[in-house]
Amino acid sequence: MPISRKDLADAGSPEALVKRILKAEPNLSVPVPIQELCVSLGIVKTEDFDTDEFEGGLVTDAKRSEGTIFAKRGGEPRRRFTIAHELGHFLMAHHVPDQPGRFLCKSSDLLRVQAKEGDQRQRREVEANRFAALVLMPPHLLRGAMTAFREPDLQHVLTLARDFAVGKETAARAYVQYHPERIAIIVAGNGRVQRCYRSLSFPTIICGVGSPVPTRSRYQSSSHRPNIAGDIAACSPDLWIDVKRDLRAPALYEQVYLQQNGFAMILLRLEPVPEESTEERKLEEGWRYRFHSGRR
Ligand SMILES: [Zn+2]
């Protein structure tokens, strides 16, 4: 690989770094050869991490002359994300580890998408995750892959995960972000909402993290076959979003993908409320007036 640290110049943010990497490596293949990138950018070794406490680690100095990445053994997609995350710490000079010269990252760090205000540690984990997601699923390659997909479908998430060799959740997060429709993906486990990813235009999900998946959700039906994305079907919108009582409810669709480990992804797709004709609106307003005023 021709890329070297010089190509990154003074880029400090995940976005700027990935932009420089893509400029220096315009013909990057998919899945992105993350190990080769590491070698070209100053990582001298990638070793197995034999610990249950941490998912990944990086040993380096403040000047980042070189680095060694540690990644827990496990599935290839997960390991690739860990390596990319540690490479992110290595390339972002403003990331200062808790112990001098040694970054240690837990699995919860590798899932972090938001940081508490003022929490520098959380912020740096969020940045490393953003770098990992961007470098493993470069925006132009992701957009290219997404042009083949039209109607939202969890099957696409599985295809992206396979093609980019990333975890299903990493693929789901990118899918939600890049899909033009109003969609959200809920990660459920042990009957509860674990994480939510939604497009910018998708309303707030009323079932917060930790709360049980609604009993009327398709997730609760026993007919799912594991590892197959189910049918997409309409559900009651008030299961997941706040529906104003005096407004027409939008149509909401659900699709469930159940994994063997008891975890599931639930895709939510919101359809815009169809425009009412003036006559329909007058009729409805008339009813509402009579209803509220108690007249018949
Ligand atoms: Zn980290």
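Nothing in this text is a laboratory measurement; each read-out follows from the coordinates by a stated rule. Worth saying up front: this structure is predicted, and the values here are computed from it rather than measured. Quick reminder, even Gly has a Cβ in these numbers, built from the backbone with ideal geometry, and neighbours come from all protein chains shown.
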On C-alpha positions alone, give me the angle between the axis of helix 76-91 and the longest principal axis of the chain, in degrees, nearest 10. 60
Computed label-point distance, nm, for sites Glu47 and Gln155 using a 7 Å Cα→Cβ extension: 4.6
Using Cα-only point scatterers and the Debye equation, what is log10 of I(q)/I(0) for the chain at each q in 0.11 Å⁻¹, rounded to two decimals? -0.73
Work out the FRET efficiency for Asp242 and Leu200 from their Cβ-Cβ distance, taking R0 = 25 Å, and round it to the nearest 0.05. 0.90
The exposure ranking of Glu25, Glu15, fewest beta-carbon neighbours within 10 Å first, is Glu15, Glu25
The range 5-136 - percent relative contact order, Cα under 8 Å, separation 6 or more: 27
Full-extension gain between Glu15 and Asp163, please, as 0.36 nm times their residue separation minus the C-alpha to C-alpha distance. 51.1 nm
Of Val30, Val273, Val59, the most mobile residue in a GNM of the chain (C-alpha springs, cutoff 10 Å) is Val273
Hey, in the GNM for the chain with a 10 angstrom Cα cutoff, which one of Ala172, Ala188, Ala234 fluctuates hardest? Ala234
Charge dipole magnitude, Cβ of K and R +1, D and E -1 - the range 140-271, Cα centre, debye nearest 20: 160
Test item: Cα-centred dipole of the chain, Lys/Arg +1 and Asp/Glu -1 on Cβ, debye: 500
With runs of 4+ DSSP H residues as the only contributors, calculate the mean residue ellipticity of the chain at 222 nm using -39,500 (n - 2.57) per run, divided by the residue total and rounded to the nearest 500. -10000 deg cm²/dmol
Gain on full stretching of the segment that runs from Ala233 to Asn27 - 0.36 nm per residue minus C-alpha separation: 70.2 nm
Here the FRET efficiency for Glu271 versus Ser4, based on Cβ atoms and R0 = 45 Å and rounded to 0.05, is 0.40
Which of Gln260, Gln35, Gln194 ends up with the largest GNM mean-square fluctuation for the chain, with Cα atoms connected below 10 Å? Gln260
Which of Asn261, Ala24, Gly101, positive extreme of dipole for the chain (C-beta unit charges): Asn261
If you stretched the chain out fully between Asp119 and Val209, how much longer would it get, using 0.36 nm times the residue separation minus the C-alpha to C-alpha distance? 30.3 nm
Put in order of increasing Cβ neighbours within 10 Å, starting from the fewest, Ile34, Ile232 give Ile232, Ile34
